[in-house]
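The values are calculated or read from the model by the stated rules, or taken from the named source; none is laboratory data. Treat the numbers as computed from the prediction; the structure is a model and nothing was measured. Here the Cβ positions follow ideal geometry from the backbone for every residue, glycine too, while neighbour counts run over all protein chains shown. Protein only, heavy atoms only, side chains kept; ligands, DNA and RNA dropped before computing areas. Shrake-Rupley method; radii C 1.70, N 1.55, O 1.52, S 1.80 Å.
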Amino acid sequence: MRIIACKDYAEMSCAAANILAAQIYLKPQAVLGLATGSTPVGLYKELIAKHEAGVLSFAQVRTVNLDEYKGLAPTHDQSYRYFMQHNLFDHIDIRPENTNVPDGLAADAEAECGRYDALRETLGRTDIQLLGLGRNGHIGFNEPGPVFVKPTHVVDLTPSTIDANARFFASQADVPRQAITMGIGYIMQARQILVVASGSDKAEAVYQMICGAVDPQVPASILQLHPNVTLVADEAALSKAVEAGVSVCG
Ligand code: F6R
């Protein structure tokens, strides 16, 4: 795992955006696996800025998002489809039909999981998968559990995740209790994985991801087995790992 240490959130966003942009320069029709949450907002802003400066086009890019809350419409302001439109897609030249997010309103959620996995087969291998990191070590909404779940599946969100995400909703009771998430199988099939982490509340999860045992109780620990992972994190998120002697590049 290559670890890039950044001073703060702004520097992390810049460094991570440069890695994603480089992938698009190298392969304009790249398949990007995308994430939501607060961590990638800055890097999406950087990508928009590159597009507005005329140096980055998404015209041939295809995207596939990790997850969606079950029960939220795409127009709900906390749905992940809405997030992607407002934080990235509406500001770049991507074709709407080339963007994919699970359908949180699908009447048959299991069938939607099957559709999403079939779609992944059609798109081919993801060139670069962007991941944020949950405080409990989740990636996508693959929550801690007894096994790593490979396919797209419906997941019950843990109290830690509901608590962490309550900041985006009117109250904790409004946070959906379930989500549809890409499984560990497709995440691990990506050619390259880019993890972003910021803030001291991620320090334990970052440490466990890098230094802990590979254990489904810390889903991100599986990334130790992937041959091409880059973690871009700020000093606060890296604090515990650095204290434990992990070497990073600046
Ligand atoms: C979102 C996702 C989640 C988040 C994680 C961290 O698509 O897959 O795994 O990346 O919950 O969220 P933030 O960035 O808000 O701390």
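This table checks each residue for (1) small (Gly, Ala, Ser); (2) more than 13 Å from the chain's Cα centre (by Cα); (3) open to solvent by 50 Å² or more (accessible area, probe 1.4 Å).
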site	(1), (2), (3)
35	yes, no, no
44	no, no, no
56	no, yes, no
74	no, yes, yes
82	no, yes, yes
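Name the residues in the stretch 59-75 that are within 12 Å of the ligand (Cβ to nearest atom) and either of a type in the set (A, V, I, L, M, F, W, C) or free of Cβ contacts under 8 Å to residues at least 12 places away in the same chain (or both), would you? 64, 66 - these are the residues of the stretch 59-75 that are within 12 Å of the ligand (Cβ to nearest atom) and either of a type in the set (A, V, I, L, M, F, W, C) or free of Cβ contacts under 8 Å to residues at least 12 places away in the same chain (or both). For the stretch 36-68, the set of residues classified as in contact with a Lys or Arg (Cβ under 7 Å, 6 or more places away or on another chain) and under 16 Å from residue 85 (Cβ atoms) consists of 64, 68, listed by residue number.
Whenever a residue of the stretch 24-38 is farther than 14 Å from residue 64 by Cβ and more than 16 Å from the ligand (Cβ to nearest atom), its partners that are open to solvent by less than 20 Å² (accessible area, probe 1.4 Å) and among the small types (Gly, Ala, Ser), lying with C-beta atoms within less than 6 angstrom and at least six residues away or across chains, give the pairs 24/30.
Every condition in (1) within 16 Å of the ligand (Cβ to nearest atom); (2) within 22 Å of residue 106 (Cα to Cα) is met by residue 117 except one, and the failing one is (1).
Please go through the stretch 7-31 and give me each residue that is open to solvent by 50 Å² or more (accessible area, probe 1.4 Å), part of a helix (DSSP H, G or I) and more than 21 Å from residue 125 (Cβ to Cβ), ordered by number.
So in the stretch 7-31, the residues open to solvent by 50 Å² or more (accessible area, probe 1.4 Å) come out as 7-11, 14, 18, 25-29.
Subsequent filtering for residues that are part of a helix (DSSP H, G or I) retains 9-11, 14, 18, 25-26.
Selection gives 9, 10, 11, 14, 18.
Scanning the stretch 200-217 for residues that are away from the ligand (no atom under 13 Å from the Cβ) and hydrophobic (A, V, I, L, M, F, W, C), which turns out surrounded by the fewest Cβ atoms within 10 Å (Cβ to Cβ)? The selected residue is 213. Filter the stretch 122-181 for residues that are within 14 Å of the ligand (Cβ to nearest atom), modelled with pLDDT under 95 and among the hydroxyl-bearing types (Ser, Thr, Tyr) and give the result. Matches in the stretch 122-181: 158, 160, 161.
Exactly one residue out of 67, 8, 103 is under 22 Å from residue 223 (Cβ atoms) and acidic (Asp, Glu): that is 67. Look at the stretch 168-197: where a residue is within 12 Å of residue 34 (Cα to Cα) and a partner is exposed (fewer than 15 other Cβ atoms within 10 Å of the Cβ) and among the polar types (S, T, N, Q), sitting 6+ places away or on another chain with Cβ atoms under 9 Å, you get 190/228; 193/228.
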